[in-house]
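Bear in mind that the values in this text are calculations on the coordinates, not laboratory data. Worth saying up front: this structure is predicted, and the values here are computed from it rather than measured. Glycine also receives a Cβ, built like all others from the backbone with ideal geometry; neighbour counts cover every protein chain displayed.
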Amino acid sequence: MNMPFINDDGVIPAEAQARSQGPLSGHEPEHEKEDSMVISLAARIGGLVLGAALLLFLGLSGPTPRIADAQAPWVAPAAEKAKKNPVPSDKKTIDQGEKVAKINCASCHGAKGKGDGAAAVALNPKPADWTSARVQDESDGEIFWKITNGRGPMPSWRHLPETDRWAIVRYIRTLAAK
Ligand code: HEC
């Protein structure tokens, strides 16, 4: 099909439109205008359909991320695990950590860090239970690294001041099941 007035975007270039209208500009019969609009619309819809088909194809044939991958053990690099917490474990630091955690983390991890925040229902994997032995057995450096980087539904908290992230770790320590 030859559509001389339609460029790759399915748009009729202004000068081509002007040419087709010629000296009679403003007086051409209505149906000519409609014809060119129909062609342009057809070209746009054709493009959309092609795009959708391509996306579908890629979606079906491409590598599909597996949920199982997200639940593989989450382990910090050795150098990160070994990092020492630079903030003291005093009341001021712990209060600060609690404050920052209440604001940013409680929606998922719950008010007491048990992983039962309101948003937890919808998440897979579930937010970690900070009070659990599994989390408590990790080093400060490892917990800090996980807070900093996040994974899957767990956001990265890199934008929080570093001292706040270390303070949260101090706070998490106070939640250990006794
Ligand atoms: C949107 C929900 C959400 C928010 C908000 C959130 N988390 Fe998480 N968090 C998760 C999920 C889900 C996981 C489990 C991720 C995984 O195992 O892949 C997780 C895991 C963790 C872990 C890893 C524990 C471990 O050893 O496996 C730590 C530590 C943690 N979160 C701390 C925080 C802190 C601190 C904040 C706030 C600054 C926070 N999270 C905010 C959802 C959230």
Response to the item:
Looking only at lysines whose Cα falls under 28 Å of Lys146's and that sit 8 or more positions away or on another chain, we get Lys81, Lys83, Lys84, Lys91, Lys92, Lys99, Lys102, Lys112, Lys114, Lys126, Lys178
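Where does the charge balance sit around Leu160 when Lys and Arg score +1, Asp and Glu -1, over other residues with C-beta under 15 Å from its C-beta?
Working: positive: Lys99, Lys102, Lys146, Arg158, Arg165, Arg170; negative: Glu98, Glu162, Asp164.
That works out to +3.
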Fill in: Cut-off 12 Å between beta-carbons: net charge of the residues surrounding Gly110, Lys and Arg +1, Asp and Glu -1
+2
Worksheet entry | Selection from Gly150, Ala106, Ala120, by position along the positive dipole direction of the range 68-173 (Cβ) | Ala106
